[in-house]
């Protein structure tokens, strides 16, 4: 376990050290897109402008995937209560709010990956862009000093799985709504005899 912790810390220090003023502003902007309120507002506006037809379904799917993953993240944060990089490496590069606890896993990354899964399913042509955005937000969390790499990996996995769960649930729901029930099939067969 010590090897994994050391690797996590060393990788954080390696990635966090590459910073410069112009990137600071850009990374703060990028990391803000993983904030729940910012992301939901952006998704709503984008759907209203570009795809009103799918707006309700996509928005509710993003919201549900975020909530499902968010519950898992919140429970893990409460149970583990891991220190943030600021506590362990106070001389590293930090931007934004000085966070001290609740490092594992990354909620911003979870939300971005769950959203990327939903958007990739709905807009298949742009799937690479959605996942690239989620990866960049994850990296930005290390850049601003909010999370360790393992926090990002765990948040990404939780987000991916919660997004896939909602995609599966939607498929199941559509299958149920589109297929006639067994009772109706049996009635049709009985009525034809």
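The values are calculated or read from the model by the stated rules, or taken from the named source; none is laboratory data. Just so it is clear, the model here is predicted, and its values are computed rather than measured. Every residue, glycine as well, gets a Cβ built from its backbone with ideal geometry; the counts of neighbours run over all protein chains shown.
Might you let me know whether region 76-97 holds any residue that is within 10 Å of the chain's Cα centre (by Cα) and on the phi < 0 side of the Ramachandran plot? No, every residue in region 76-97 fails to be within 10 Å of the chain's Cα centre (by Cα) and on the phi < 0 side of the Ramachandran plot. Within region 134-146, residues that are at positive phi have Cβ atoms under 7 Å from residues that are in a helix (DSSP H, G or I) and crowded, with 24+ Cβ neighbours inside 10 Å in these pairs: 145/85, counting only partners at least 6 apart in sequence or on another chain.
Within region 110-125, restricting attention to residues that are without any contact (Cβ under 8 Å) to a residue 60 or more places away in the chain and crowded, with 19+ Cβ neighbours inside 10 Å, the residue that is farthest from residue 147 (Cα to Cα) is 120.
Any residue at all in region 40-60 that is within 13 Å of the chain's Cα centre (by Cα) and buried (at least 18 other Cβ atoms within 10 Å of the Cβ)? Before the answer, list the steps.
Here is the first cut: in region 40-60, the ones within 13 Å of the chain's Cα centre (by Cα) are 40.
Still in the list and also buried (at least 18 other Cβ atoms within 10 Å of the Cβ): none.
Scanning region 40-60, I find no residue that is within 13 Å of the chain's Cα centre (by Cα) and buried (at least 18 other Cβ atoms within 10 Å of the Cβ), so the answer is no.
Within region 146-182, being at pLDDT below 90 and not in a helix (DSSP H, G or I) holds for 179, 180, 181. When we screen 73, 62 for residues that are touching a residue at least 12 places away in the same chain (Cβ under 8 Å), in contact with a helix residue (DSSP H, G or I) (Cβ under 6 Å, 6 or more places away or on another chain) and under 23 Å from residue 124 (Cα atoms), the only hit is 62. Exactly one residue out of 30, 5 is within 20 Å of residue 139 (Cα to Cα), surrounded by 10 or more Cβ atoms within 10 Å (Cβ to Cβ) and without any contact (Cβ under 8 Å) to a residue 24 or more places away in the chain, and it is 5.
If the condition is being touching a strand residue (DSSP E or B) at 6+ places or on another chain (Cβ under 7 Å), part of a loop (DSSP other than H, G, I, E, B) and at pLDDT 95 or above, then region 73-95 contributes only 84.
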